[in-house]
Every structure is written in structure tokens, then in C-alpha cells.
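Report on the structure given below.
The values are calculated or read from the model by the stated rules, or taken from the named source; none is laboratory data. Every value quoted in this text rests on a predicted model; they were computed, and no experiment measured them. Cβ placement follows ideal geometry from the backbone for every residue including glycine, while neighbour counts extend to all protein chains displayed. SASA here: full protein model, heavy atoms, side chains in, ligands and nucleic acids out. Shrake-Rupley method; radii C 1.70, N 1.55, O 1.52, S 1.80 Å.
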Amino acid sequence: MLSVYVDLALGLVVSFLLLSLLVSGLNEAFVRLLSIRSKFLWAYLRDTMDGADEKSGSWLPANVLDVFRALPFLRDPRPRHSDQPAPAEPGKVPATATGDSMIKLLYQRVQEIDHAKRGRTSISNIPPARFAVAVMELAAAENGDIEAFLRKLQQIDSPLYGHLKGIWETAQHDLDRFRKGVETWFDGEMQRLSSLYKRYVKWVVAVLGVAVTLLFTMDGLEYAKTLLRDNAFRASVMAVAEAGPDAYDELKARCTGGDPVPCVTETLSQPALVKMLDQALVSVSIPAEGDPVVHWNGGLWWDRISTLSHWPGFLLTYVALLFGAPFWWDVFRRITGIKSRR
């Protein structure tokens, strides 16, 4: 009996792990399709270097609704892509504000690492050291006179003026200390921006968790009963569990790598999951011979959705998915005794 309950625990953990990877893959697809990371970075840079837009306010999303509506579809803060190398001479800060004067100057200093994505920059990360060098290059346009550079920032009412002014005074007008201070400040800002991004992305994961749970009508309680009663099915799930860390590493790499589609394909093609997702809106059966067959289960799917007795199991699955794949991998590793790689 102990072995049966251990198998039950492993079966649930493996299933939640693979479904969590599916959610991660869909989230990655959503983020990459809409270029959310790049837009977050350039929205912050616009707010910091040129200030908020006069009509629509801050470029960074102020709430979850803006993450889903304004940032992806209504306002693109990214500058237009240029396939030219960075100009030999850095541009000078204009005498009057134009709304995007500083962001254009910054982009010119980093555009050599860019590639186009629908006509816009795809840069989603600027190393702090590179940002500090870009600031020093812009200051060099004023003959290296930091004071003159700061006065021009103040003249166009750039929010960057306040930050750099404080760093310049703290550095006691030493250029090397000033550069290091800009690098440290920008590194802290990127950490803050990353925390903000993760907080908003959690909402995306929560929405995707609901969608995956209901689309596949994954009743965690019903699935646990199936594992207990069906020895053959439980054995097939254990076969997935016995694949070890290499299988998980491959799935994790596919979910968080360049193309999330293989993650979804790999996850759904697991034989144990194919049977587990038989009640989905669209299911796949794999015969002993021949090609897989796709089935439309609209009527069955609606019956399960409209049956209240399934909702406790749906809730269990949804809550499990919110813990994420790293949590379930850690639980799986502890149960099986697999050592983590360092």
C-alpha cells in the first residue's frame, strides 16, 4: 500500500510539473509574441530620460490592465530600428525637449547590438556598464564637461537630470567615480524593474493557469482516483517520472529558450498526459499502429465544465499550477532522491 501511495504522489507531482511547464511555455510565447520584455525596458527608459507623455502619462504600466491592453497594443515605447552602426560622434542634447530626444540619443549608442522586430528595436536588456558608457559618451559631446551636460538635461526637463546630479555630487566631480556611480544606480534600477515585471507577469501566469485548467478540464481529484484504481495508467505515469533530471532539463530548456512551441508539443505528446487530457476540448488518441487521431470533444467538455462536482478538482489543479514548475520539480526531486545539479 505504501508503494501505491508513493506512486500516487509521484503521479500527481509529475502531472502538475508537466502542466506547469505547459503554462510556462504559453507564457513565454505570449511574452515573446508581444515583445513585453523589450517594451518594459524602453517604457522605463522613456519615463527616466524624457519623462511621461504629456497626453497619456507614464509609459510604464500603472496597473494590470495596462499590461494586457496599453503596453502590448496601444502604446509602443520602443524606438524605431536602425540597421546602421552607432554614429562615430555622439549626438548632442537638444536645446528644447521633443518628447523622445534622450531616448533617441541613447538608442544611437546601443543600436549596433540590435535587430529589427516589426520595425522596432528588439533590445530587452542593456547591461549597466554599457549604459554608464553611453552616458559618458553623451557627456563627451559636451567636451566631457559633466556640468554642461547636466545643465542641458535640466534645460529640457529630463528626469535623468536629478539622478545624475546626485551621482555627480556624490562622486565629488570625479569622472571615474561618476561612471561607476551611474553603473551602480542603473543596476539597482534594473533590479527594481525586474521585480515590477515579475509581479505583472504573475497575473499572466494566473490567467493562463485558469485557461489550461478549464481548456483541458483537468480535475486533480478525479485524476488521483484514476491513479489509484488503474494500475496500468499509474505505471505509464511512473515511466515519465523515471526519465530522471535529463528529461526535465530538456523540457525546461525548451520552455524558457528561444522557441516555446516545442515545449508545448513535447509536453502534450507524453503518453501519460495524452490519456490524462482525454477530457480536453480537443484530445488526441495514439493507436498501437497508425497516426495519432485528433478528436473534438465539445459536448463532453461542456458537460464537465457545467458539472459542479468537478470544480473542486479544477480548483485543486489551478492552485497547483500557481506554484510553478520549479516548485514541483523540487518536490519531485525530494521524493525520488534525485540530486540537483550544481
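Its convex hull of Cα atoms gives region 85-176 a direction-averaged projected area, equal to a quarter of the hull surface, of 6.4 nm². Note on region 141-233: the C-alpha convex hull projects to 11.7 nm² when averaged across all orientations.
Residues R151, R229, R304, R37, sorted by accessible area with the largest first, give R229, R151, R37, R304 [1.4 Å probe; ligands and nucleic acids excluded]. For region 1-101, the solvent-accessible area works out to 47 Å² per residue, with a probe of 1.4 Å and every protein chain left in place. In the assembled protein chains, K92 presents an accessible area of approximately 130 Å² (probe radius 1.4 Å).
Would you compute the Debye intensity of region 12-165 from its alpha-carbon atoms alone, equal scatterers and no solvent, and pass along log10 I(q)/I(0) at q = 0.12, 0.14, 0.20 Å⁻¹ to two decimals? Log10 I(q)/I(0), no solvent term: -0.58, -0.75, -1.29. The label point for R334 and the one for R130, both projected 7 Å from the Cα toward the Cβ, are 3.9 nm apart.
A simple spin-label model places the labels of K202 and Q172 4.3 nm from each other, with each point 7 Å out along Cα-to-Cβ. Computing FRET efficiency as 1/(1 + (r/R0)^6) for H295 and S56, where r is the C-beta to C-beta distance and R0 is 35 Å, gives about 0.15. Of the solvent-accessible surface of region 28-119, computed with a 1.4 Å probe and all protein chains present, 55% belongs to carbon and sulfur.
When I126, I167 are compared by accessible area at a 1.4 angstrom probe, the order from most to least is I167, I126.
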